[in-house]
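Report on the following structure.
The values are calculated or read from the model by the stated rules, or taken from the named source; none is laboratory data. All values reported here derive from a predicted model rather than from experimental measurement. Neighbour counts run over all protein chains shown; Cβ positions are idealised from the backbone, glycine included. Areas reflect the complete protein model, heavy atoms only, side chains present, ligands, DNA and RNA absent. Shrake-Rupley method; radii C 1.70, N 1.55, O 1.52, S 1.80 Å.
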Amino acid sequence: MDKKRVVVVGAGVSGLAVCKQLLERGCRPVVFESGSVLGGVWANPPECTMLQTPRPMYQYSDFPWPESVTEMFPDHRQVAAYLDAYARHFGVLGCVRFGHRVVGMEYDGVSEKAVAAWEEWAGNGQAFGSGDGEWRLSVADAEGRVEIHTADFVVLCIGRFSGVPNIPTFPVGKGPEAFDGQVIHSMEYAKMGTTKAKEMIKGKRVTVIGYLKSALDIASECAEVNGTAHPCTMVVRTKHWIIPDYFAWGGVHISKLYLNRFSELLIHKPGEGFLLSLLATLLTPLRWAFSKFAESYYSIPMKKYDMVPDHSLFDALAACLIAITPKDHYKRLEEGSIVLKKSKTFSFCKDGVLVEGESSPIKSDIVIFGTGFKGDEKIKDIFTSEYFRSIAVGSTSTTVPLYRECIHPKIPQLAVIGYSESIANLYTSDIRAKWLAHFMDGGFRLPNITAMQKDVLEWEKYMKRYSGQYFRRSGIAILHTWYNDQLCRDMGCNPRRKKGFFKELFEVYVPGDYVDLCPKKE
């Protein structure tokens, strides 16, 4: 691979892992990063942002956290320092071109008609195809100058929690234009940096729309700055499982209920045979009992504020829609520095925000959308060709069609790492990067396009079954071991990484279990 031209787009947790794995195989990729620092979502988060995943699960398999970090949920500065240390240790930093944004891509050398007619991915099922096609990338630097770069393979590591904000739509006259105050998205808030953001909200009546990670962190920051003098109001359209930690009733870690091989026997899996399907059906009551056990504990503080979600904790984990409460969240609800307003819909007026059931508006000076991002739009928008734009992310009724959550069956010489969500995105991106590097190094061939599309549909069926309306998040959290097994088999590795039957069945797989993967070439 040493002579192959490979471009990685993005220097977040996934881009760093991909670059490291390629360097180890003799390939020196170019990493284009639009920002001025590495880390992706960890580059400019709100001040109080911490990991949502326990530290042992959020690490690269071959790069443990330093002994100086002892917190179970390190803060954003510690995460950023860890990522920087990883990049420096493995020589990744020298591959990154900061301040360079990929603004467009087109496939050159093979006609779109020919590509669409291929039965094998890239024409022959191999990473670099026949050598006839290449990607031409338009890359803008910090001054806006655009250069064209060519690549034999492109890896998109652009994430799904940045770049394209998800802004709610409103009837004419009911949107932000009707409001006299300031309206921004959490993305803009984070880009300000802590000092400017705190200056902006100080002494202001802030309303935050949303009730997940970004919204909670921003509301917590507002409460810290303004206290009860100017409470922060959160408009909650959907109640979510916001939990203090992963221990139910003082000692039972919920990973034992949801995230080991035994728990995977309780659900229907893509590609399972008759016996596993039968077992999953028979064990469904046990899965229900596990969920009720955990919910009975976590719902205790939620009941006081009528914030118990309508969906189960299992459903939330399946869709990767769960969050750890910021420090003192319920204390701030109790003291009144954060006020919750539950409303499925909302609109703007001159003085603030109107919600269901209240005739008077929530008087506001600033409204902040903590409403997430359109991660699939980022993938779609990077292509110049209408053909690739039309197929890149599927339709609203399908999942984003990625084989192994990495390879689009109809887009050659390209991979997407870090789109689908898991128990810990860094952990999953690490093993995906190993899988991709092995594939690119000739370790195995992909199945034909028809077989890949069939597998994509199997996973789509699973996601629709357990993630409901959130199936496009492509969450694999409750099947992360089953998923990792598939990657291991592709690489010719033994997927059984534990010692002993009971450990294999009941212990949770962690990054360290994959540190000594020894892929075999076909």
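Structural remarks
- Checked against the criteria, LEU446 counts as at pLDDT 95 or above, outside any helix (DSSP H, G or I) and closer than 23 Å to GLY475 by Cα.
For every residue, the table says whether it meets (1) within 21 Å of GLY125 (Cα to Cα); (2) assigned to a loop (DSSP other than H, G, I, E, B).
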{"position": "HIS438", "(1), (2)": "yes, no"}
{"position": "GLY442", "(1), (2)": "yes, yes"}
{"position": "VAL456", "(1), (2)": "yes, no"}
{"position": "GLU460", "(1), (2)": "no, no"}
{"position": "PHE471", "(1), (2)": "no, no"}
{"position": "THR481", "(1), (2)": "no, no"}
{"position": "LEU517", "(1), (2)": "no, yes"}
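- Of the listed requirements (1) within 24 Å of TYR189 (Cβ to Cβ); (2) open to solvent by 10 Å² or more (accessible area, probe 1.4 Å), GLY375 misses just one: (2).
- For beta carbons closer than 8 Å, sequence separation of 6+ or different chains, a first residue in the range 63-74 that is under 15 Å from HIS89 (Cβ atoms) and a second that is polar (S, T, N, Q) and part of a loop (DSSP other than H, G, I, E, B), the qualifying pairs are TRP65/GLN59.
- Among the residues examined, ALA319 qualifies as open to solvent by less than 10 Å² (accessible area, probe 1.4 Å), touching a residue at least 60 places away in the same chain (Cβ under 8 Å) and of a type in the set (A, V, I, L, M, F, W, C).
- Within the range 331-346, residues that are farther than 29 Å from LYS174 by Cβ and open to solvent by 20 Å² or more (accessible area, probe 1.4 Å) sit with their Cβ atoms under 8 Å from residues that are part of a helix (DSSP H, G or I) and among the hydroxyl-bearing types (Ser, Thr, Tyr), at 6+ positions apart or across chains, in these pairs: ARG332/SER220.
- Boolean, VAL400 is on the phi < 0 side of the Ramachandran plot, assigned to a loop (DSSP other than H, G, I, E, B) and touching a Pro at 6+ places or on another chain (Cβ under 9 Å): no
- Filtered residue count, the range 154-174, keeping only those that are surrounded by fewer than 15 Cβ atoms within 10 Å (Cβ to Cβ) and either without any contact (Cβ under 8 Å) to a residue 24 or more places away in the chain or in contact with a Leu (Cβ under 8 Å, 6 or more places away or on another chain) (or both): 3
- Residue within the range 370-384 that is in a helix (DSSP H, G or I) and within 30 Å of TRP65 (Cβ to Cβ) present: yes
- The sole residue among VAL92, VAL115, VAL79, VAL146 that is under 14 Å from VAL8 (Cα atoms) and not polar (S, T, N, Q) is VAL92.
- Among the residues here, PHE439 does not qualify as under 22 Å from VAL18 (Cβ atoms), open to solvent by less than 40 Å² (accessible area, probe 1.4 Å) and in contact with a Lys or Arg (Cβ under 8 Å, 6 or more places away or on another chain).
Listed here are the residues, each with its yes/no results for (1) open to solvent by less than 10 Å² (accessible area, probe 1.4 Å); (2) part of a loop (DSSP other than H, G, I, E, B).
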| position | (1), (2) |
| --- | --- |
| ALA17 | yes, no |
| VAL31 | yes, no |
| THR70 | no, yes |
| ARG77 | no, no |
| VAL102 | no, no |
| GLU106 | no, no |
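- Any chance HIS230 is surrounded by 17 or more Cβ atoms within 10 Å (Cβ to Cβ) and out of contact with any Cys (no Cβ under 7 Å at 6 or more places or on another chain): yes
- Test: GLU147 is at pLDDT below 95 and over 30 Å from PRO447 (Cβ atoms): no
- Close pairs (6 angstrom Cβ cut-off, 6 or more residues apart or separate chains): charged (D, E, K, R) in the range 250-266, surrounded by fewer than 16 Cβ atoms within 10 Å (Cβ to Cβ) and at pLDDT 95 or above anywhere: ARG261/LEU505
- Residue pairs whose Cβ atoms lie under 6 Å apart, separated by 6 or more positions or on different chains, with the first residue in the range 290-316 and touching a residue at least 60 places away in the same chain (Cβ under 8 Å) and the second assigned to a helix (DSSP H, G or I), are VAL308/SER299; VAL308/MET302; LEU313/SER291; LEU313/ALA294; LEU313/GLU295; PHE314/SER291.
Here is a yes/no grid of residues against (1) open to solvent by less than 10 Å² (accessible area, probe 1.4 Å); (2) modelled with pLDDT of 95 or more:
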site: ASP430; (1), (2): yes, yes
site: ALA433; (1), (2): yes, yes
site: ARG465; (1), (2): no, yes
site: ARG472; (1), (2): no, no
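- Taken residue by residue, the range 272-282 has at least one member that is among the polar types (S, T, N, Q), within 30 Å of SER299 (Cβ to Cβ), open to solvent by 60 Å² or more (accessible area, probe 1.4 Å) and not in a strand (DSSP E or B).
- Within the range 353-363, the presence of at least one residue that is assigned to a strand (DSSP E or B), open to solvent by 40 Å² or more (accessible area, probe 1.4 Å), of a type in the set (D, E, K, R) and under 25 Å from VAL235 (Cα atoms) is confirmed.
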